[in-house]
Amino acid sequence: MTRFDTSILQPDPAHRRPILAVLDAALDAVEPFAAVQNVLQRQDDVLTVTDPSGHPVASALTYDLSRYRRIFVVAAGKAASPMCSAVEAVLQDRISNGLAVTKYDHGRPTDPSSAASSSIRVVEAGHPLPDEAGVLAGKEMLALVEEANEDDLVIALLSGGGSALLVAPAAETTDTAGQPYPALTLADLQSMTDALLACGATINEMNCLRKHSSAVKGGQLARAAAPATLLTLALSDVIGSPLDVIASGPTVPDESTWADAWAIVEKYALAPALPDAVRNRLQAGLAGEIPDTPKPHDPVFTNSKTLVVADNRTAANAAVAKAAELGYNTILLSTYVEGEAAEVAKVLVGLGREVQDSGQPVPAPACLILGGETTVSLGDDPGQGGRNQELALAAALSLQHHPGLTVVSLATDGTDGPTDSAGGIADSGTVARGERAGLAAADHLRRHDAYPYLRAAADLLRTGPTQTNVNDLLFVFVHKM
């Protein structure tokens with residue numbers, strides 16, 4: 001049974017059925033409830049946190065629950081609800097209070113037998129644009145962890161989308177000369193996010209500016225929770241899983257600086273598009289007039305540990321195993337793919353043609369797997385779609401005369417851009433199917449309007465919310481001709 005809308009099978013059932021099996025295996029491997037339970041074991045009052053395969057550390061973490069007066073659970077991201085359910089299933093009535101913020105329509109637990117405890121309240125908020133619900137959740141979460149003291153345990157659960165969902169605009173501050181800088185507003189953050197999305201900034205770049213415009217990101221949630229013991233479990237949606245970038249790193253030291261933030265503004269010429277309050281705050285920080293976010297060796301991190309429970313490589317390795325089981329010669333090429341979606345598409349098609357012509361890096365039938373996150377630089381009045389759909393449509397234009405190749409681009413969260421699609425599949429017939437519906441592929445690509453084209457071609461991937469998020473997965477399937 002697949003989680004995908006099976007209308008995607010219509011153009012080529014024989015080739016597409018095993019493709020969906022590979023995609024399902026990848027998503028199963030990063031299901032948040034299972035990923036969290038995989039690292040948590042409890043024996044009476046001893047909680048042991050072990051490391052998932054692929055993330056080895058020196059030893060397991062052990063917590064004597066009897067020494068903690070209270071246990072607080074806080075969560076932010078698209079996987080917040082199932083991650084909370086997993087922790088509640090282990091700790092049960094030991095949880096004193098908790099709050100989770102997740103994306104709209106993501107509040108349903110994926111495991112109905114372990115719905116989140118009444119002590120963990122799950123609220124929904126806006127993504128990718130922050131909204132008032134996220135602001136209220138951010139303020140409430142800060143207030144909750146500020147209650148914690150040295151005999152309390154705070155467990156933070158972070159996942160992709162947490163940056164937009166956990167919102168606490170930077171408070172009013174005074175610089176070294178006594179000059180006041182006003183608090184930022186939700187509207188300021190929304191305008192900044194709009195500008196970053198439109199310019200094609202990477203997730204790391206977006207999070208850098210978010211951290212320096214926030215009261216909770218970039219280690220500031222850990223600052224609020226200190227001196228409590230803090231354990232963070234993260235489902236990574238960023239390339240390489242840098243801890244300070246996942247959900248904008250609210251519980252870990254921030255490696256980015258005011259200088260880094262302003263360099264991003266200059267790189268994309270964003271200054272005119274930023275609200276005055278945001279621009280003034282960044283410039284004041286650059287001048288050393290406002291303190292930076294907490295850095296390594298800050299005492300607020302003395303009792304803090306963080307573990308990544310699953311990431312893009314976890315999903316990619318599961319896809320490798322399933323593809324091999326189905327008879328494909330399979331190779332994972334990279335989990336560090338970045339760049340414009342339409343340009344990456346050309347590279348993927350080139351890799352497939354190399355397999356056809358030379359049998360390298362593996363012979364057909366082949367499955368080449370890559371992971372990462374591409375970007376789309378939007379022009380004026382863009383159409384409907386997302387980076388994965390754009391990649392699929394761009395690949396389709398290059399695949400018209402190359403039968404036997406299929407390119408797949410999948411958003412693991414099930415939501416590619418502001419659509420109900422998780423991405424797209426492209427083969428040598430995609431362009432022709434769209435043209436039969438009266439559409440022009442090149443025109444739709446130029447206008448960043450991939451969604452209606454792929455819908456007409458029966459090449460849209462649809463899953464609904466997966467409640468996980470570990471970046472995107474890219475596939476090149478090469479069939480024997």
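The values are calculated or read from the model by the stated rules, or taken from the named source; none is laboratory data. Please read all numbers here as calculations on a predicted model, not as lab measurements. Note that we place each Cβ from the backbone using ideal geometry, even for glycine, and neighbour counts take in every protein chain shown.
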(message) Need pairs with beta-carbon distance below 7 Å; first residue under 11 Å from residue 463 (Cβ atoms) and within region 1-27, second among the polar types (S, T, N, Q); sequence gap 6+ or separate chains.
(response) 3/463; 4/463; 20/2; 24/2; 27/412; 27/466; 27/468
(message) Filter region 274-307 down to the residues that are more than 25 Å from the chain's Cα centre (by Cα) and small (Gly, Ala, Ser) and list them by number.
(response) 277, 284, 285, 287, 288
(message) Please go through (1) of a type in the set (S, T, N, Q); (2) surrounded by fewer than 24 Cβ atoms within 10 Å (Cβ to Cβ); (3) part of a strand (DSSP E or B) for residue 419 and return the number of the only condition it doesn't satisfy.
(response) (3)
(request) Return the total of residues in region 299-329 being more than 19 Å from residue 471 (Cβ to Cβ) and outside any helix (DSSP H, G or I). (result) 8
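Could you pull out the residue among 443, 472, 427 that is under 18 Å from the mean Cα position of the chain (by Cα) and of a type in the set (D, E, K, R)? Spell out the reasoning first.
Working: 443 fails: under 18 Å from the mean Cα position of the chain (by Cα); 427 fails: under 18 Å from the mean Cα position of the chain (by Cα).
On inspection, the qualifying residue turns out to be 472.
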(message) Taking the conditions exactly as written (modelled with pLDDT under 95 and under 24 Å from the mean Cα position of the chain (by Cα)), does residue 252 satisfy them or not?
(response) no
(message) If a residue must be modelled with pLDDT under 95 and either in contact with a helix residue (DSSP H, G or I) (Cβ under 9 Å, 6 or more places away or on another chain) or part of a strand (DSSP E or B) (or both), how many such residues does region 139-158 contain?
(response) 0
(message) Can you say whether residue 234 is at pLDDT 95 or above, under 30 Å from residue 48 (Cα atoms) and surrounded by 18 or more Cβ atoms within 10 Å (Cβ to Cβ), as far as the supplied structure shows?
(response) yes
(message) Of everything in region 377-389, what is in a loop (DSSP other than H, G, I, E, B) and more than 16 Å from the chain's Cα centre (by Cα)? Give them in sequence order.
(response) 377, 378, 379, 380, 381, 382, 383, 384, 385
(request) Give 19, 95 a once-over and let me know the one that is buried (at least 17 other Cβ atoms within 10 Å of the Cβ), out of contact with any Ser or Thr (no Cβ under 6 Å at 6 or more places or on another chain) and at pLDDT 95 or above. (result) 19
(message) Scan region 342-349 and tell me whether some residue there is surrounded by fewer than 20 Cβ atoms within 10 Å (Cβ to Cβ), at pLDDT 95 or above, of a type in the set (Asp, Glu) and within 19 Å of residue 393 (Cβ to Cβ).
(response) yes
(message) Name the single residue that is surrounded by the fewest Cβ atoms within 10 Å (Cβ to Cβ) among those in region 161-184 being under 19 Å from the mean Cα position of the chain (by Cα) and in a loop (DSSP other than H, G, I, E, B).
(response) 161
(request) Please give the number of the condition residue 182 fails out of (1) of a type outside the set (Ser, Thr, Tyr); (2) without any contact (Cβ under 8 Å) to a residue 12 or more places away in the chain; (3) farther than 25 Å from residue 300 by Cα. (result) (2)
(message) Cβ-Cβ under 6 Å, sequence separation 6+ or interchain: first residue in region 256-272 and without any contact (Cβ under 8 Å) to a residue 24 or more places away in the chain, partner among the β-branched types (Val, Ile, Thr) and surrounded by 14 or more Cβ atoms within 10 Å (Cβ to Cβ). Which pairs?
(response) 271/265
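So that you can scan it fast, the table gives a plain yes or no per residue for (1) closer than 30 Å to residue 71 by Cα; (2) assigned by TED's automatic domain parsing to the domain that holds residue 67; (3) of a type outside the set (S, T, N, Q):
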| residue | (1), (2), (3) |
| --- | --- |
| 174 | no, no, no |
| 178 | no, no, yes |
| 184 | no, no, yes |
| 189 | no, no, yes |
| 201 | no, no, yes |
| 204 | no, no, no |
| 209 | no, no, yes |
| 226 | yes, yes, yes |
| 238 | yes, yes, yes |
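I'd like to know if region 29-44 contains one or more residues that are more than 26 Å from residue 120 (Cβ to Cβ) and under 18 Å from the mean Cα position of the chain (by Cα).
In the first step, residues of region 29-44 are kept if they are more than 26 Å from residue 120 (Cβ to Cβ); the result is none.
No, the conditions are met nowhere in region 29-44.
Rundown of residues vs (1) part of a loop (DSSP other than H, G, I, E, B); (2) among the hydroxyl-bearing types (Ser, Thr, Tyr); (3) surrounded by fewer than 22 Cβ atoms within 10 Å (Cβ to Cβ); (4) not assigned by TED's automatic domain parsing to the domain that holds residue 25, yes/no style:
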{"site": "438", "(1), (2), (3), (4)": "yes, no, yes, no"}
{"site": "443", "(1), (2), (3), (4)": "no, no, yes, no"}
{"site": "453", "(1), (2), (3), (4)": "no, yes, no, no"}
{"site": "468", "(1), (2), (3), (4)": "yes, yes, no, no"}
(message) Here are the criteria: (1) surrounded by fewer than 17 Cβ atoms within 10 Å (Cβ to Cβ); (2) in contact with a Ser or Thr (Cβ under 7 Å, 6 or more places away or on another chain); (3) aliphatic (A, V, I, L, M). Tell me which single one residue 187 does not satisfy.
(response) (2)
(message) Can you tell me which residue is nearest to the chain's Cα centre (by Cα) among those in region 392-407 that are among the polar types (S, T, N, Q) and not in a helix (DSSP H, G or I)?
(response) 406
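Kindly indicate whether any position in region 224-242 is assigned to a helix (DSSP H, G or I) and over 17 Å from the mean Cα position of the chain (by Cα). Before the answer, list the steps.
Going residue by residue through region 224-242, those that are assigned to a helix (DSSP H, G or I) are 224-225.
Still in the running and over 17 Å from the mean Cα position of the chain (by Cα): 224-225.
Yes, the conditions are met somewhere in region 224-242.
Quick check, is residue 310 over 30 Å from residue 153 (Cα atoms), of a type in the set (Gly, Ala, Ser), crowded, with 20+ Cβ neighbours inside 10 Å and in contact (Cβ under 8 Å) with a residue 60 or more places away in the chain? Spell out the reasoning first.
Working: over 30 Å from residue 153 (Cα atoms): no; of a type in the set (Gly, Ala, Ser): yes; crowded, with 20+ Cβ neighbours inside 10 Å: yes; in contact (Cβ under 8 Å) with a residue 60 or more places away in the chain: yes.
Answer is no for this residue.
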